[in-house]
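**Student:** Please see the structure below; I have some questions.
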Amino acid sequence: MRTEDEQRFREFAAAQAGPLRRCAYLFCGDWHLAEDLMQSALIKMYQAWSRIEQQEAAVNYARKVLLRTWLDEKRRPWRRSEVRQAELPDVADSSAGPDVLAAARSTHDLVHRALLLVPPRQRAVLVLRYFDDLSIVETAEAMGCSEGTVKSQAARGLDNLKAAIQRLEPADPVLGGRVAS
Amino acid sequence: MSEQEIRDALRSALADEPPLSFDLPALVDRAERNARRRRAMFGVAAATALIAVVAVAVPVTLGAGRSAGHPAVSSAAAGGSAPRLLTTSSTPPVPREYTAVELSGRAKLLTASVYRAVTTALPQPEDVAVQGWATGQDSGAITAGPGTLSSFVWVSFKDSTVLLRFTVDAPGANLAATPVSQCTLDGMPAPACTIKADPDGSALLVENFAEQGKPLTEQVASVTDYRTDGGTVNVASYVSYPGKGTVLDGGALPPVGSSELITMAVAPELSFGD
(Lines give C-alpha, C1' and ligand atoms only; values in the text may rest on other atoms or scores of the structure.)
Protein backbone atom coordinates (compact mmCIF):
# COMPACT_ATOMS: atom_id res chain seq x y z
CA MET A 1 0.00 0.00 0.00
CA ARG A 2 1.26 3.46 -0.86
CA THR A 3 2.38 5.68 2.00
CA GLU A 4 -0.41 8.23 1.52
CA ASP A 5 -3.03 5.46 1.32
CA GLU A 6 -1.70 3.90 4.50
CA GLN A 7 -1.79 7.25 6.25
CA ARG A 8 -5.38 7.71 5.09
CA PHE A 9 -6.23 4.24 6.42
CA ARG A 10 -4.59 4.98 9.78
CA GLU A 11 -6.65 8.15 10.13
CA PHE A 12 -9.79 6.28 9.17
CA ALA A 13 -9.09 3.42 11.59
CA ALA A 14 -8.29 5.78 14.46
CA ALA A 15 -11.54 7.68 13.88
CA GLN A 16 -13.79 4.67 13.31
CA ALA A 17 -12.44 2.16 15.83
CA GLY A 18 -14.67 3.44 18.63
CA PRO A 19 -17.91 3.70 16.62
CA LEU A 20 -17.32 0.30 15.03
CA ARG A 21 -16.68 -1.32 18.40
CA ARG A 22 -19.85 0.20 19.85
CA CYS A 23 -21.86 -1.05 16.89
CA ALA A 24 -20.25 -4.50 17.26
CA TYR A 25 -21.08 -4.53 20.96
CA LEU A 26 -24.75 -3.93 20.23
CA PHE A 27 -24.61 -6.79 17.72
CA CYS A 28 -22.91 -9.32 19.99
CA GLY A 29 -23.26 -8.06 23.58
CA ASP A 30 -19.65 -8.70 24.56
CA TRP A 31 -17.00 -5.98 24.64
CA HIS A 32 -14.12 -8.41 24.08
CA LEU A 33 -15.76 -10.00 21.07
CA ALA A 34 -16.78 -6.53 19.87
CA GLU A 35 -13.13 -5.47 19.91
CA ASP A 36 -12.14 -8.62 17.99
CA LEU A 37 -14.88 -7.97 15.43
CA MET A 38 -13.84 -4.35 15.06
CA GLN A 39 -10.21 -5.30 14.48
CA SER A 40 -11.14 -8.07 12.03
CA ALA A 41 -13.30 -5.63 10.12
CA LEU A 42 -10.49 -3.06 9.98
CA ILE A 43 -8.04 -5.70 8.74
CA LYS A 44 -10.48 -6.59 5.97
CA MET A 45 -10.88 -2.89 5.23
CA TYR A 46 -7.11 -2.58 4.91
CA GLN A 47 -7.09 -5.29 2.27
CA ALA A 48 -9.78 -3.50 0.28
CA TRP A 49 -8.52 0.02 0.97
CA SER A 50 -7.10 0.65 -2.50
CA ARG A 51 -10.58 0.17 -3.95
CA ILE A 52 -12.26 2.62 -1.60
CA GLU A 53 -12.06 6.23 -2.68
CA GLN A 54 -14.45 8.30 -0.61
CA GLN A 55 -14.50 8.62 3.14
CA GLU A 56 -18.28 8.25 3.31
CA ALA A 57 -18.15 5.09 1.23
CA ALA A 58 -15.45 3.77 3.55
CA VAL A 59 -17.63 4.28 6.62
CA ASN A 60 -20.59 2.53 5.01
CA TYR A 61 -18.37 -0.26 3.74
CA ALA A 62 -16.80 -0.70 7.17
CA ARG A 63 -20.25 -1.11 8.69
CA LYS A 64 -21.10 -3.70 6.06
CA VAL A 65 -17.84 -5.57 6.66
CA LEU A 66 -18.42 -5.48 10.41
CA LEU A 67 -21.92 -6.91 10.02
CA ARG A 68 -20.70 -9.69 7.72
CA THR A 69 -17.84 -10.44 10.09
CA TRP A 70 -20.26 -10.79 12.98
CA LEU A 71 -22.70 -12.95 11.02
CA ASP A 72 -19.78 -15.11 9.88
CA GLU A 73 -18.66 -15.36 13.47
CA LYS A 74 -22.12 -16.44 14.59
CA ARG A 75 -22.11 -19.06 11.87
CA ARG A 76 -19.02 -20.66 13.30
CA PRO A 77 -20.27 -23.74 15.12
CA TRP A 78 -18.10 -23.17 18.18
CA ARG A 79 -19.78 -19.78 18.61
CA ARG A 80 -23.23 -21.27 18.21
CA SER A 81 -22.91 -23.22 21.39
CA GLU A 82 -22.16 -20.21 23.52
CA VAL A 83 -24.81 -19.25 26.03
CA ARG A 84 -24.56 -15.84 27.63
CA GLN A 85 -24.75 -16.14 31.40
CA ALA A 86 -22.14 -13.75 32.75
CA GLU A 87 -23.07 -10.39 34.19
CA LEU A 88 -21.83 -7.20 32.58
CA PRO A 89 -18.66 -5.90 34.28
CA ASP A 90 -18.95 -3.16 36.82
CA VAL A 91 -17.25 0.05 35.78
CA ALA A 92 -17.09 2.94 38.22
CA ASP A 93 -18.71 6.20 37.12
CA SER A 94 -18.06 9.18 39.35
CA SER A 95 -20.42 11.44 37.45
CA ALA A 96 -23.61 10.26 39.14
CA GLY A 97 -24.84 9.15 42.54
CA PRO A 98 -25.49 5.51 43.48
CA ASP A 99 -29.28 5.75 43.08
CA VAL A 100 -29.07 7.34 39.66
CA LEU A 101 -26.43 4.84 38.63
CA ALA A 102 -28.51 1.89 39.84
CA ALA A 103 -31.59 3.08 37.97
CA ALA A 104 -29.67 3.82 34.79
CA ARG A 105 -27.83 0.53 35.01
CA SER A 106 -30.99 -1.51 35.46
CA THR A 107 -32.57 0.25 32.49
CA HIS A 108 -29.72 -0.25 30.05
CA ASP A 109 -29.08 -3.75 31.36
CA LEU A 110 -32.70 -4.60 30.64
CA VAL A 111 -32.65 -3.15 27.13
CA HIS A 112 -29.32 -4.75 26.45
CA ARG A 113 -30.44 -8.18 27.61
CA ALA A 114 -33.67 -7.82 25.69
CA LEU A 115 -31.78 -6.85 22.54
CA LEU A 116 -29.67 -10.00 22.80
CA LEU A 117 -32.88 -12.07 22.77
CA VAL A 118 -33.88 -10.63 19.40
CA PRO A 119 -32.87 -12.88 16.44
CA PRO A 120 -29.53 -11.78 14.95
CA ARG A 121 -30.69 -10.26 11.66
CA GLN A 122 -33.54 -8.37 13.32
CA ARG A 123 -31.07 -7.20 15.96
CA ALA A 124 -28.72 -5.99 13.22
CA VAL A 125 -31.53 -4.04 11.56
CA LEU A 126 -32.48 -2.41 14.87
CA VAL A 127 -28.89 -1.40 15.56
CA LEU A 128 -28.31 -0.04 12.07
CA ARG A 129 -31.61 1.82 11.96
CA TYR A 130 -31.86 3.17 15.49
CA PHE A 131 -28.27 3.35 16.69
CA ASP A 132 -26.36 4.18 13.52
CA ASP A 133 -29.36 6.14 12.20
CA LEU A 134 -29.08 4.60 8.74
CA SER A 135 -31.91 5.06 6.28
CA ILE A 136 -33.84 2.07 5.03
CA VAL A 137 -31.89 2.18 1.77
CA GLU A 138 -28.54 2.30 3.59
CA THR A 139 -29.58 -0.48 5.95
CA ALA A 140 -30.67 -2.66 3.03
CA GLU A 141 -27.32 -2.08 1.37
CA ALA A 142 -25.41 -2.95 4.54
CA MET A 143 -27.54 -6.05 5.13
CA GLY A 144 -27.43 -7.17 1.51
CA CYS A 145 -31.21 -7.47 1.30
CA SER A 146 -34.21 -5.60 -0.09
CA GLU A 147 -35.76 -2.50 1.44
CA GLY A 148 -38.95 -4.44 2.06
CA THR A 149 -37.01 -7.00 4.07
CA VAL A 150 -35.48 -4.22 6.15
CA LYS A 151 -38.92 -2.81 6.91
CA SER A 152 -40.35 -6.17 7.87
CA GLN A 153 -37.29 -7.15 9.91
CA ALA A 154 -37.36 -3.81 11.71
CA ALA A 155 -41.03 -4.18 12.57
CA ARG A 156 -40.56 -7.73 13.81
CA GLY A 157 -37.40 -6.74 15.63
CA LEU A 158 -39.23 -3.98 17.48
CA ASP A 159 -42.05 -6.37 18.39
CA ASN A 160 -39.58 -8.95 19.62
CA LEU A 161 -37.60 -6.34 21.56
CA LYS A 162 -40.74 -5.11 23.30
CA ALA A 163 -41.82 -8.67 24.04
CA ALA A 164 -38.37 -9.49 25.40
CA ILE A 165 -38.42 -6.42 27.65
CA GLN A 166 -41.82 -7.43 28.98
CA ARG A 167 -40.58 -10.97 29.58
CA LEU A 168 -37.52 -9.76 31.43
CA GLU A 169 -39.13 -7.05 33.54
CA PRO A 170 -40.89 -9.22 36.16
CA ALA A 171 -37.68 -11.20 36.68
CA ASP A 172 -35.74 -8.06 37.49
CA PRO A 173 -36.28 -7.20 41.16
CA VAL A 174 -34.55 -3.85 40.90
CA LEU A 175 -36.56 -2.72 37.92
CA GLY A 176 -39.73 -4.25 39.32
CA GLY A 177 -39.44 -2.09 42.41
CA ARG A 178 -38.66 0.96 40.37
CA VAL A 179 -41.64 0.57 38.07
CA ALA A 180 -44.00 -0.17 40.96
CA SER A 181 -43.01 3.00 42.73
CA MET B 1 -41.96 2.26 23.15
CA SER B 2 -41.31 5.00 20.59
CA GLU B 3 -38.46 5.05 18.09
CA GLN B 4 -36.77 7.80 20.07
CA GLU B 5 -36.98 5.68 23.21
CA ILE B 6 -35.36 2.82 21.31
CA ARG B 7 -32.57 5.15 20.22
CA ASP B 8 -32.06 6.39 23.78
CA ALA B 9 -32.15 2.86 25.14
CA LEU B 10 -29.55 1.62 22.65
CA ARG B 11 -27.28 4.51 23.56
CA SER B 12 -27.75 3.90 27.26
CA ALA B 13 -26.77 0.25 26.71
CA LEU B 14 -23.28 1.57 25.95
CA ALA B 15 -22.90 3.33 29.29
CA ASP B 16 -20.43 0.74 30.55
CA GLU B 17 -18.11 1.07 27.58
CA PRO B 18 -14.57 0.20 28.65
CA PRO B 19 -11.65 2.28 27.38
CA LEU B 20 -10.47 1.38 23.91
CA SER B 21 -7.22 -0.60 24.11
CA PHE B 22 -6.55 -0.22 20.42
CA ASP B 23 -3.00 -0.57 19.10
CA LEU B 24 -3.26 0.91 15.62
CA PRO B 25 0.37 0.28 14.52
CA ALA B 26 0.06 -3.38 15.58
CA LEU B 27 -3.21 -3.71 13.68
CA VAL B 28 -1.68 -2.21 10.53
CA ASP B 29 1.32 -4.55 10.84
CA ARG B 30 -1.03 -7.52 11.21
CA ALA B 31 -3.12 -6.40 8.23
CA GLU B 32 0.01 -5.98 6.11
CA ARG B 33 1.26 -9.45 7.09
CA ASN B 34 -2.13 -10.92 6.23
CA ALA B 35 -2.15 -9.09 2.91
CA ARG B 36 1.29 -10.50 2.05
CA ARG B 37 0.19 -14.01 2.97
CA ARG B 38 -2.97 -13.63 0.94
CA ARG B 39 -0.99 -12.56 -2.08
CA ALA B 40 1.35 -15.51 -1.63
CA MET B 41 -1.57 -17.91 -1.15
CA PHE B 42 -3.36 -16.47 -4.16
CA GLY B 43 -0.26 -17.14 -6.26
CA VAL B 44 -0.13 -20.75 -5.08
CA ALA B 45 -3.90 -21.16 -5.62
CA ALA B 46 -3.67 -19.71 -9.12
CA ALA B 47 -0.84 -22.06 -10.02
CA THR B 48 -2.76 -25.01 -8.57
CA ALA B 49 -5.90 -24.03 -10.46
CA LEU B 50 -3.91 -23.75 -13.69
CA ILE B 51 -2.47 -27.21 -13.17
CA ALA B 52 -5.95 -28.56 -12.40
CA VAL B 53 -7.43 -26.99 -15.52
CA VAL B 54 -4.65 -28.42 -17.66
CA ALA B 55 -5.06 -31.81 -16.02
CA VAL B 56 -8.79 -31.79 -16.81
CA ALA B 57 -8.61 -30.12 -20.22
CA VAL B 58 -5.99 -32.41 -21.74
CA PRO B 59 -7.86 -35.71 -21.18
CA VAL B 60 -11.13 -34.05 -22.24
CA THR B 61 -9.54 -32.73 -25.42
CA LEU B 62 -7.86 -36.04 -26.21
CA GLY B 63 -11.02 -37.96 -25.49
CA ALA B 64 -13.38 -35.54 -27.24
CA GLY B 65 -14.42 -38.10 -29.79
CA ARG B 66 -15.45 -40.61 -27.18
CA SER B 67 -17.38 -38.14 -25.00
CA ALA B 68 -19.13 -36.36 -27.86
CA GLY B 69 -22.27 -38.32 -27.15
CA HIS B 70 -22.23 -37.35 -23.47
CA PRO B 71 -22.16 -33.57 -23.28
CA ALA B 72 -23.22 -33.61 -19.67
CA VAL B 73 -20.16 -35.58 -18.68
CA SER B 74 -17.73 -33.37 -20.54
CA SER B 75 -19.30 -30.11 -19.39
CA ALA B 76 -19.24 -31.27 -15.79
CA ALA B 77 -15.61 -32.24 -16.11
CA ALA B 78 -14.65 -28.99 -17.79
CA GLY B 79 -16.61 -26.91 -15.34
CA GLY B 80 -15.16 -28.61 -12.29
CA SER B 81 -16.11 -27.74 -8.76
CA ALA B 82 -13.05 -25.92 -7.48
CA PRO B 83 -14.10 -22.44 -8.70
CA ARG B 84 -17.26 -22.68 -6.60
CA LEU B 85 -15.04 -22.95 -3.55
CA LEU B 86 -12.86 -19.98 -4.43
CA THR B 87 -15.61 -17.52 -5.18
CA THR B 88 -19.24 -17.11 -4.33
CA SER B 89 -21.74 -18.21 -6.94
CA SER B 90 -22.35 -15.71 -9.73
CA THR B 91 -26.10 -16.23 -9.41
CA PRO B 92 -26.75 -16.72 -5.72
CA PRO B 93 -30.20 -17.99 -4.77
CA VAL B 94 -32.62 -15.29 -3.68
CA PRO B 95 -33.49 -15.64 0.00
CA ARG B 96 -37.13 -15.34 0.94
CA GLU B 97 -39.02 -14.50 4.07
CA TYR B 98 -41.00 -17.21 5.84
CA THR B 99 -43.91 -16.71 8.14
CA ALA B 100 -43.84 -18.27 11.59
CA VAL B 101 -46.58 -20.67 10.48
CA GLU B 102 -44.56 -21.79 7.44
CA LEU B 103 -41.47 -22.29 9.56
CA SER B 104 -43.41 -24.22 12.20
CA GLY B 105 -44.74 -26.54 9.49
CA ARG B 106 -41.25 -27.17 8.19
CA ALA B 107 -39.98 -27.73 11.71
CA LYS B 108 -42.50 -30.54 12.18
CA LEU B 109 -41.34 -32.21 8.97
CA LEU B 110 -37.71 -31.71 9.92
CA THR B 111 -38.23 -33.42 13.28
CA ALA B 112 -39.18 -36.64 11.53
CA SER B 113 -36.35 -36.21 9.00
CA VAL B 114 -33.78 -35.64 11.72
CA TYR B 115 -34.98 -38.71 13.61
CA ARG B 116 -34.59 -40.84 10.47
CA ALA B 117 -31.16 -39.37 9.67
CA VAL B 118 -29.90 -40.00 13.21
CA THR B 119 -31.20 -43.55 13.49
CA THR B 120 -29.81 -44.37 10.03
CA ALA B 121 -26.34 -42.92 10.63
CA LEU B 122 -25.64 -43.88 14.23
CA PRO B 123 -25.14 -47.41 15.53
CA GLN B 124 -27.95 -48.61 17.77
CA PRO B 125 -28.89 -45.53 19.77
CA GLU B 126 -30.97 -46.34 22.84
CA ASP B 127 -32.82 -43.04 22.77
CA VAL B 128 -33.13 -40.14 20.32
CA ALA B 129 -34.78 -36.98 21.62
CA VAL B 130 -35.28 -34.14 19.13
CA GLN B 131 -35.74 -30.84 20.96
CA GLY B 132 -37.87 -27.95 19.74
CA TRP B 133 -36.76 -25.97 16.71
CA ALA B 134 -35.82 -22.29 16.83
CA THR B 135 -35.11 -19.57 14.33
CA GLY B 136 -32.93 -17.35 16.53
CA GLN B 137 -29.69 -18.10 18.29
CA ASP B 138 -30.98 -17.24 21.71
CA SER B 139 -34.72 -16.89 21.47
CA GLY B 140 -35.62 -20.58 21.55
CA ALA B 141 -38.73 -19.89 19.53
CA ILE B 142 -39.86 -19.80 15.92
CA THR B 143 -40.41 -16.32 14.56
CA ALA B 144 -40.93 -15.08 11.01
CA GLY B 145 -37.76 -14.42 9.04
CA PRO B 146 -35.22 -16.01 6.70
CA GLY B 147 -35.41 -19.78 6.42
CA THR B 148 -33.09 -20.96 9.14
CA LEU B 149 -34.13 -23.56 11.70
CA SER B 150 -31.99 -25.24 14.31
CA SER B 151 -32.58 -27.87 16.95
CA PHE B 152 -30.62 -29.88 19.48
CA VAL B 153 -30.89 -33.65 19.54
CA TRP B 154 -29.89 -35.83 22.49
CA VAL B 155 -28.71 -39.28 21.44
CA SER B 156 -28.09 -41.84 24.18
CA PHE B 157 -26.04 -44.97 23.71
CA LYS B 158 -25.38 -47.75 26.19
CA ASP B 159 -22.32 -46.06 27.73
CA SER B 160 -22.43 -42.51 26.46
CA THR B 161 -24.50 -39.60 25.31
CA VAL B 162 -23.94 -37.06 22.57
CA LEU B 163 -25.62 -33.75 21.89
CA LEU B 164 -26.09 -32.91 18.23
CA ARG B 165 -27.11 -29.60 16.79
CA PHE B 166 -28.86 -29.51 13.42
CA THR B 167 -29.12 -26.23 11.53
CA VAL B 168 -31.01 -26.23 8.24
CA ASP B 169 -30.88 -23.18 5.97
CA ALA B 170 -33.24 -22.62 3.06
CA PRO B 171 -31.65 -21.71 -0.30
CA GLY B 172 -30.12 -18.26 0.03
CA ALA B 173 -30.63 -17.97 3.77
CA ASN B 174 -26.96 -18.67 4.55
CA LEU B 175 -25.35 -16.22 2.13
CA ALA B 176 -23.13 -14.75 4.82
CA ALA B 177 -21.13 -17.96 5.12
CA THR B 178 -19.27 -19.79 2.39
CA PRO B 179 -17.02 -22.83 2.83
CA VAL B 180 -13.99 -20.62 2.28
CA SER B 181 -15.07 -17.96 4.78
CA GLN B 182 -15.89 -20.60 7.36
CA CYS B 183 -12.50 -22.22 6.83
CA THR B 184 -10.61 -18.93 7.13
CA LEU B 185 -9.42 -17.11 10.21
CA ASP B 186 -7.83 -13.68 9.75
CA GLY B 187 -7.31 -14.38 6.09
CA MET B 188 -5.51 -17.68 6.74
CA PRO B 189 -6.78 -21.27 6.53
CA ALA B 190 -8.34 -22.27 9.82
CA PRO B 191 -6.86 -25.30 11.57
CA ALA B 192 -8.79 -28.57 11.68
CA CYS B 193 -10.90 -27.49 8.74
CA THR B 194 -11.22 -29.17 5.35
CA ILE B 195 -13.41 -28.59 2.32
CA LYS B 196 -14.49 -31.53 0.18
CA ALA B 197 -15.89 -30.59 -3.21
CA ASP B 198 -18.31 -32.84 -5.04
CA PRO B 199 -18.49 -33.00 -8.83
CA ASP B 200 -22.12 -31.85 -8.73
CA GLY B 201 -21.03 -28.47 -7.33
CA SER B 202 -21.95 -29.13 -3.71
CA ALA B 203 -19.33 -28.95 -0.98
CA LEU B 204 -18.76 -30.40 2.46
CA LEU B 205 -17.05 -28.39 5.18
CA VAL B 206 -15.62 -30.64 7.89
CA GLU B 207 -14.18 -29.24 11.11
CA ASN B 208 -12.72 -31.87 13.39
CA PHE B 209 -11.18 -30.57 16.57
CA ALA B 210 -10.39 -33.93 18.11
CA GLU B 211 -8.06 -34.92 15.28
CA GLN B 212 -5.92 -31.81 15.58
CA GLY B 213 -4.99 -32.17 19.21
CA LYS B 214 -7.05 -29.14 20.08
CA PRO B 215 -8.37 -29.30 23.66
CA LEU B 216 -11.81 -30.83 23.65
CA THR B 217 -13.71 -28.08 25.34
CA GLU B 218 -17.18 -28.83 24.18
CA GLN B 219 -17.30 -29.86 20.58
CA VAL B 220 -15.96 -32.84 18.70
CA ALA B 221 -16.77 -32.07 15.10
CA SER B 222 -18.96 -30.12 12.75
CA VAL B 223 -20.01 -30.85 9.18
CA THR B 224 -21.77 -28.43 6.84
CA ASP B 225 -23.25 -29.56 3.54
CA TYR B 226 -23.42 -26.71 0.99
CA ARG B 227 -25.97 -27.94 -1.50
CA THR B 228 -26.43 -27.20 -5.16
CA ASP B 229 -29.76 -25.44 -4.53
CA GLY B 230 -28.04 -22.93 -2.22
CA GLY B 231 -29.33 -24.49 1.00
CA THR B 232 -27.03 -25.64 3.78
CA VAL B 233 -27.27 -28.26 6.51
CA ASN B 234 -24.95 -28.18 9.51
CA VAL B 235 -24.60 -30.99 12.02
CA ALA B 236 -22.33 -30.42 15.02
CA SER B 237 -21.61 -32.77 17.89
CA TYR B 238 -20.92 -31.78 21.46
CA VAL B 239 -19.63 -33.77 24.37
CA SER B 240 -20.16 -31.37 27.24
CA TYR B 241 -23.42 -29.81 28.17
CA PRO B 242 -24.36 -26.94 30.44
CA GLY B 243 -25.46 -28.38 33.76
CA LYS B 244 -24.90 -31.99 32.70
CA GLY B 245 -21.13 -32.30 32.91
CA THR B 246 -18.96 -33.77 30.20
CA VAL B 247 -18.12 -37.23 28.95
CA LEU B 248 -14.49 -36.20 29.33
CA ASP B 249 -14.94 -36.43 33.10
CA GLY B 250 -14.57 -40.20 32.86
CA GLY B 251 -17.40 -41.22 30.56
CA ALA B 252 -16.98 -43.04 27.28
CA LEU B 253 -16.74 -41.06 24.04
CA PRO B 254 -19.91 -41.44 21.98
CA PRO B 255 -19.53 -43.33 18.69
CA VAL B 256 -20.04 -40.20 16.62
CA GLY B 257 -17.25 -38.98 14.37
CA SER B 258 -16.90 -37.00 11.17
CA SER B 259 -18.15 -39.84 8.95
CA GLU B 260 -21.39 -40.19 10.93
CA LEU B 261 -21.91 -36.42 10.88
CA ILE B 262 -21.37 -36.41 7.11
CA THR B 263 -23.95 -39.17 6.64
CA MET B 264 -26.48 -37.11 8.58
CA ALA B 265 -25.61 -33.76 6.96
CA VAL B 266 -26.03 -35.05 3.41
CA ALA B 267 -29.34 -36.79 4.09
CA PRO B 268 -31.57 -35.52 1.27
CA GLU B 269 -34.69 -35.36 3.44
CA LEU B 270 -33.04 -32.66 5.57
CA SER B 271 -34.05 -29.62 3.56
CA PHE B 272 -36.62 -26.87 3.40
CA GLY B 273 -38.25 -28.60 0.47
CA ASP B 274 -38.57 -25.40 -1.58
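Table: residues versus (1) within 13 Å of chain A (Cβ to nearest Cβ); (2) surrounded by 18 or more Cβ atoms within 10 Å (Cβ to Cβ); (3) at pLDDT 75 or above; (4) touching a Cys at 6+ places or on another chain (Cβ under 8 Å).
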position: B:L175; (1), (2), (3), (4): yes, yes, no, no
position: B:Q182; (1), (2), (3), (4): yes, yes, no, yes
position: B:D186; (1), (2), (3), (4): yes, no, no, no
position: B:A197; (1), (2), (3), (4): no, no, yes, no
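**Student:** Only one of (1) at pLDDT 85 or above; (2) in contact with a helix residue (DSSP H, G or I) (Cβ under 8 Å, 6 or more places away or on another chain) fails for B:L253. Which number is that?
**Tutor:** Single failed check for B:L253: (1).
**Student:** Anything in the range B:143-156 that is facing chain A (nearest Cβ under 10 Å), of a type in the set (A, V, I, L, M, F, W, C) and in contact (Cβ under 8 Å) with a residue 24 or more places away in the chain? List them, or say none.
**Tutor:** Of everything in the range B:143-156, just one residue is facing chain A (nearest Cβ under 10 Å), of a type in the set (A, V, I, L, M, F, W, C) and in contact (Cβ under 8 Å) with a residue 24 or more places away in the chain, namely B:A144.
**Student:** Let me ask another. May I ask you to list the residues in the range B:104-140 that are under 24 Å from A:C28 (Cβ atoms) and either touching a residue at least 24 places away in the same chain (Cβ under 8 Å) or surrounded by 15 or more Cβ atoms within 10 Å (Cβ to Cβ) (or both)?
**Tutor:** B:W133, B:A134, B:T135, B:G136, B:Q137, B:D138, B:S139
The values are calculated or read from the model by the stated rules, or taken from the named source; none is laboratory data. In this text the structure is predicted, and so the values were computed from the model without any measurement. Neighbour counts run over all protein chains shown; Cβ positions are idealised from the backbone, glycine included.
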